[in-house]
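Chemist: Dumping the structure here so I can ask a few things about it.
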Amino acid sequence: MHNDRLDQLTDYAFTRLRRLLDGVPPGDAVTLDMALGEPRHPPPDFIRPILGSADAQWGRYPPGAGTPDLRQAIAGWLDRRYALPAGLIDPDRHIVPVCGTREALFLAALAAVPARRNGVAPAVLLPNPYYQAYLGGAVMAGAEAALLDATPANGFQPDLAALDPALLERAALVYLNSPANPQGSVLSRAQLKAALDLARAHDFVLAVDECYAEIYTETPPPGALEAAAETGSLENLAVFHSLSKRSNVPGLRSGFVAGDADLIALSVRLRSYGGATLPLPVMQASAALWRDEEHVAENRRLYREKFDAALELFDVDRPAGGFFLWLDVADGEAAATALWREAGVRVLPGAYMARESADGGNPGDRYIRVALVHAPDETRAALTRAAAALAA
């Protein structure tokens, strides 16, 4: 016996990758895993004494809504980063710290999707390719997962305005991702405002995943809270941020959700039944990280250096945000196999991050995702091997 909704979820992308490459020997003595988007830059030194000095607090249950200090640190960062008007964000009503945004993005669907939506089965809309948690949340909430192709034709971002109004009326939740994983595309402030207007017109939750917002070369990506500030309201909106990429601390599992006060209250209620809470020492370290920008600027410098190297080797545009190369190689699975076999470089076939569209094609088929997460010298060496293998 099992929950038959799980049958709608295929193997996770990295399980499929292991199966693809099982039995294929790497073609170089030096191998590098560039499939996983796990930041490998050193974490900031200043968090070590914070974590080490809080030993007694490991023995206490932490508050589910986070400490006031952490919520205030997050609110202060949001105000500075997005130049928000005073009073738009109330730390006590509009923010909840979460134990990693993957869990929070998944749980968003469980909180937002009703049994019926305007008298019919509800839908959750998500970009295709997508982050796996979006699909998992939609399926396990009992909704139809409506995949919106994100391709070169639409700038790698779904065009919500082009959708059938009947679909929008069934929508309970719409996921957007800016900067996008894997393509690095960024929604403009006008696009975010238009999406928020649609959310309010059709009364669905707009969930904007902005976990890569601090990794960019020149122009900071706009945020959905900036669009909300134009209206003076956070209604129908939830935005998701994480320290994993921004601060190179994926092991802390520290992020937050900010937005509509009613949605935040529902999130806190749901999490009290089935969500993990950040330990108190991690909350202290997280607050310090949100208050510091020096380490983030250094992080961006390292990624800029690696993208500079990649653009010398590949005919590809610099993405507007994030740390992935989304390379058109005609056949992603074949290229991923060849790169491991010939160069010892592990990458993710784009098809593993997407599903077939209505026309029968998979928008990720032609691509591979390459994570530029390692040290610059390691990255350049692996990219050089990869470029040579692809050119052979």
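The values are calculated or read from the model by the stated rules, or taken from the named source; none is laboratory data. Keep in mind the model is a prediction, meaning the values are calculated, not measured. For neighbour counting, all protein chains shown are included, and Cβ atoms are generated from backbone atoms with ideal geometry for every residue, glycine included.
Chemist: Go through region 278-328 and report how many residues are among the aliphatic types (A, V, I, L, M) and within 24 Å of C99 (Cα to Cα).
Modeler: Just the residues of region 278-328 that are among the aliphatic types (A, V, I, L, M), to begin with: 278, 280, 282-283, 285, 287-289, 296-297, 302, 309-311, 313, 316, 320, 325, 327.
Going one step further and asking which of them are within 24 Å of C99 (Cα to Cα), we end up with 278, 280, 282-283, 285, 287-289, 296.
Of the residues in region 278-328, 9 are among the aliphatic types (A, V, I, L, M) and within 24 Å of C99 (Cα to Cα).
Chemist: Could you give me the residue pairs with C-beta distances under 8 Å whose first residue belongs to region 85-103 and is on the phi > 0 side of the Ramachandran plot, whose second residue is assigned to a loop (DSSP other than H, G, I, E, B) and buried (at least 19 other Cβ atoms within 10 Å of the Cβ) wherever it lies, and which are 6+ apart or on separate chains?
Modeler: Within 8 Å, the pairs are G100/R253; G100/S254.
Chemist: Given the criteria in contact (Cβ under 8 Å) with a residue 60 or more places away in the chain and either touching a helix residue (DSSP H, G or I) at 6+ places or on another chain (Cβ under 7 Å) or surrounded by 17 or more Cβ atoms within 10 Å (Cβ to Cβ) (or both), does V139 qualify? Before you say what the answer is, go through the steps one by one.
Modeler: Numbers: in contact (Cβ under 8 Å) with a residue 60 or more places away in the chain: yes; either touching a helix residue (DSSP H, G or I) at 6+ places or on another chain (Cβ under 7 Å) or surrounded by 17 or more Cβ atoms within 10 Å (Cβ to Cβ) (or both): yes.
Yes.
Chemist: I'm trying to understand the selection: among the residues of region 311-340, which are free of Cβ contacts under 8 Å to residues at least 12 places away in the same chain and within 19 Å of L36 (Cα to Cα)?
Modeler: The one that is free of Cβ contacts under 8 Å to residues at least 12 places away in the same chain and within 19 Å of L36 (Cα to Cα): A334.
Chemist: If you don't mind, there's one more thing I want to ask. Can you name the residue in region 295-322 that is in a helix (DSSP H, G or I) and among the aromatic types (F, W, Y) and is also surrounded by the most Cβ atoms within 10 Å (Cβ to Cβ) among such residues?
Modeler: Narrowing region 295-322 to residues in a helix (DSSP H, G or I): 295-313.
Subsequent filtering for residues that are among the aromatic types (F, W, Y) retains 303, 307.
Working: Y303: 22, F307: 20.
Top of the filtered list is Y303.
Chemist: Turning to a different aspect of this structure: Do we find that N177 is crowded, with 22+ Cβ neighbours inside 10 Å, touching an Asp or Glu at 6+ places or on another chain (Cβ under 6 Å), in contact (Cβ under 8 Å) with a residue 24 or more places away in the chain and under 20 Å from A354 (Cα atoms) in this structure? Step through it out loud before you land on a result.
Modeler: Values: crowded, with 22+ Cβ neighbours inside 10 Å: yes; touching an Asp or Glu at 6+ places or on another chain (Cβ under 6 Å): yes; in contact (Cβ under 8 Å) with a residue 24 or more places away in the chain: yes; under 20 Å from A354 (Cα atoms): yes.
Yes; evaluated as a whole, the condition is true for this residue.
Chemist: Can you give me the number of residues within region 127-156 that are small (G, A, S) and part of a loop (DSSP other than H, G, I, E, B)?
Modeler: Qualifying residue count for the region: 5.
Chemist: While we're looking at this one, here's another question. Test each condition in (1) under 23 Å from G87 (Cα atoms); (2) surrounded by fewer than 24 Cβ atoms within 10 Å (Cβ to Cβ) for P279 and report the one that comes out false.
Modeler: Among (1) under 23 Å from G87 (Cα atoms); (2) surrounded by fewer than 24 Cβ atoms within 10 Å (Cβ to Cβ), P279 violates only (1).
Chemist: For the structure I just gave you, tell me whether G360 is assigned to a loop (DSSP other than H, G, I, E, B) and in contact (Cβ under 8 Å) with a residue 40 or more places away in the chain.
Modeler: Here the answer is no, as G360 does not meet what is asked.
Chemist: Looking at (1) within 22 Å of E293 (Cα to Cα); (2) touching a residue at least 12 places away in the same chain (Cβ under 8 Å); (3) outside any helix (DSSP H, G or I), which is the one condition that is false for V124?
Modeler: (1)
Chemist: Right, next: Please specify each residue of region 76-102 satisfying the condition of being among the aliphatic types (A, V, I, L, M) and in contact with a strand residue (DSSP E or B) (Cβ under 6 Å, 6 or more places away or on another chain).
Modeler: I95, V96, V98 - these are the residues of region 76-102 that are among the aliphatic types (A, V, I, L, M) and in contact with a strand residue (DSSP E or B) (Cβ under 6 Å, 6 or more places away or on another chain).
Chemist: Kindly list the number of the only condition in (1) surrounded by 24 or more Cβ atoms within 10 Å (Cβ to Cβ); (2) touching a residue at least 60 places away in the same chain (Cβ under 8 Å); (3) farther than 29 Å from P250 by Cα that fails for A171.
Modeler: The one condition A171 does not meet is (2).
Chemist: Tell me yes or no: at least one residue of region 158-168 is modelled with pLDDT of 95 or more and buried (at least 22 other Cβ atoms within 10 Å of the Cβ).
Modeler: Yes, there is a match, as at least one residue in region 158-168 is modelled with pLDDT of 95 or more and buried (at least 22 other Cβ atoms within 10 Å of the Cβ).
Chemist: If you take just the helices (runs of 4 or more DSSP H) that sit entirely in region 5-84, which of them hold at least 3 residues that are among the hydroxyl-bearing types (S, T, Y), in contact with a Cys (Cβ under 6 Å, 6 or more places away or on another chain) and not assigned by TED's automatic domain parsing to the domain that holds A229?
Modeler: The helices (runs of 4 or more DSSP H) meeting that bar number zero.
Chemist: Right, here's the next one. Look at G232 and say whether it is of a type in the set (G, A, S) and touching a Gly at 6+ places or on another chain (Cβ under 6 Å).
Modeler: Working: of a type in the set (G, A, S): yes; touching a Gly at 6+ places or on another chain (Cβ under 6 Å): no.
Criteria not met by G232.
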